[in-house]
Amino acid sequence: MSTQSLVESFIIDELPLGNRTLIGPDESLISSQNLDSLALLRLILFLEEQFGITIEDGELIPDNFQTINYIKSFIANKQTVR
Amino acid sequence: MSVGVVIPAAYFLEKKESKADFLTRELHELNPEMRRRIPEVKLVEETRSIKNYSYQVKRITGKGYICIGNAHRFIDPIFSFGLYVTMKEAQLMAPLVKAYLEGALRDDPNPFAAYQLACEQGIDVMEDVLDTFWEQPFAFAAFVHARYTPLMMDVFAGRIYEHQPSEAVLAFRGMLQRERPYTGEDDYSIPIGSRYHPERAPIWVADETDT
């Protein structure tokens with residue numbers, strides 16, 4: 001599965017999004033309040049485990065997790081500098 | 001019943017509602033338990049707001065006076081630290097006052113300087129945690145629930161005067177890009193939180209006509 005599919009599946013299957021079965025790659029996860037801070041925390045733990053990355057304290061800012069595309073690019077950057 | 005909500009000014013402005021409509025809707029949406037307890041909100045008087053309830057007094061001690069609790073500082077009611085802090089400051093102060101009355105430090109320009117420093121350092125810990133809660137809620141959740149849970153339990157249990165700043169508190173300060181120097185005169189007692197400097201965090205900027 002691609003990064004995008006893995007992240008999308010986790011968000012749809014594991015996080016509280018109501019009855020939604022789809023979330024767009026550029027759809028806001030935060031400003032639209034699709035996910036609250038605890039849901040985002042679960043997402044962080046998932047990303048670290050799934051992609052073998054360490055997210056530093058200073059990287060825990062909404063900008064890095066605004067949309068699935070932002071997350072995808074964040075993961076790619078982390079994997080590049082690893 | 002008297003009820004209210006604490007919110008960033010930016011959030012209130014974003015809703016574009018009157019104060020009464022805002023409060024009524026918030027009381028309905030904030031929490032299911034509150035909705036159960038207050039199923040129908042009927043406001044019986046004008047809805048009031050306070051733009052910035054935070055304050056900090058400089059030089060809280062000196063010859064012949066000493067401030068404790070809300071007499072010198074108030075940050076935010078959200079985690080209900082106030083009564084504990086007041087009692088703790090009274091506990092810190094009592095032996096110093098007793099010693100002073102018995103003749104100690106009579107020639108000192110500020111016999112209670114050590115008390116002042118201890119108080120400010122303790123409350124600074126709380127202020128930085130609270131500011132992170134508002135300004136970086138994402139990092140706050142991660143720090144409290146996953147990364148620094150035992151150290152944050154210390155803070156929430158009131159252990160803010162000893163063994164601080166901990167690694168967790170330093171991480172909060174890192175997120176706020178804030179340093180807390182405690183050297184030189186008593187300059188540390190001037191307010192530096194973003195409530196006093198809204199340019200550091202737009203959530204504290206309010207339009208006076210609306211609030």
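Matching residues to (1) among the hydrophobic types (A, V, I, L, M, F, W, C); (2) surrounded by fewer than 19 Cβ atoms within 10 Å (Cβ to Cβ); (3) in contact with a Pro (Cβ under 6 Å, 6 or more places away or on another chain):
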| position | (1), (2), (3) |
| --- | --- |
| B:Ile160 | yes, no, no |
| B:Gln177 | no, yes, no |
| B:Tyr182 | no, yes, no |
| B:Asp186 | no, yes, no |
| B:Ser189 | no, no, no |
Which residues, counting only those in segment B:169-185, are within 11 Å of chain A (Cβ to nearest Cβ) and not in a helix (DSSP H, G or I)?
B:Gln177
Got a number for residues in segment B:107-138 being in a helix (DSSP H, G or I), without any contact (Cβ under 8 Å) to a residue 24 or more places away in the chain and away from chain A (no Cβ under 14 Å)?
1
Residue within segment B:191-206 that is within 14 Å of chain A (Cβ to nearest Cβ), over 16 Å from B:Asp76 (Cα atoms) and modelled with pLDDT of 90 or more present:
no
Filtering segment B:33-54 for residues that are in contact (Cβ under 8 Å) with a residue 40 or more places away in the chain and in contact with a strand residue (DSSP E or B) (Cβ under 8 Å, 6 or more places away or on another chain) leaves a count of 1
Within segment B:22-42, the residues that are surrounded by 13 or more Cβ atoms within 10 Å (Cβ to Cβ) and more than 27 Å from the chain's Cα centre (by Cα) are B:Arg35, B:Ile38, B:Val41
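Condition check ((1) surrounded by fewer than 21 Cβ atoms within 10 Å (Cβ to Cβ); (2) closer than 25 Å to B:Arg59 by Cβ) across all residues:
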{"site": "B:Ala114", "(1), (2)": "yes, yes"}
{"site": "B:Thr132", "(1), (2)": "no, no"}
{"site": "B:Glu135", "(1), (2)": "yes, no"}
{"site": "B:Ala139", "(1), (2)": "no, no"}
{"site": "B:Val144", "(1), (2)": "no, no"}
{"site": "B:Arg147", "(1), (2)": "yes, no"}
{"site": "B:Pro150", "(1), (2)": "yes, no"}
Kindly state which helices (runs of 4 or more DSSP H) lie completely within chain A and contain at least 1 residues that are in contact with a helix residue (DSSP H, G or I) (Cβ under 8 Å, 6 or more places away or on another chain), within 14 Å of chain B (Cβ to nearest Cβ) and surrounded by 12 or more Cβ atoms within 10 Å (Cβ to Cβ).
A:37-51, A:68-81
Would you kindly identify the helices (runs of 4 or more DSSP H) lying entirely within segment B:16-106 that contain at least 2 residues that are among the β-branched types (Val, Ile, Thr) and modelled with pLDDT of 90 or more?
B:82-101
Determine whether segment B:139-149 contains at least one residue that is more than 14 Å from chain A (Cβ to nearest Cβ) and either within 16 Å of A:Leu45 (Cα to Cα) or assigned to a loop (DSSP other than H, G, I, E, B) (or both).
no
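The values are calculated or read from the model by the stated rules, or taken from the named source; none is laboratory data. This structure is a prediction, so every number in the text was calculated from the model and none was measured. Glycine gets a Cβ as well: all are built from the backbone with ideal geometry, and neighbour counts include every protein chain shown.
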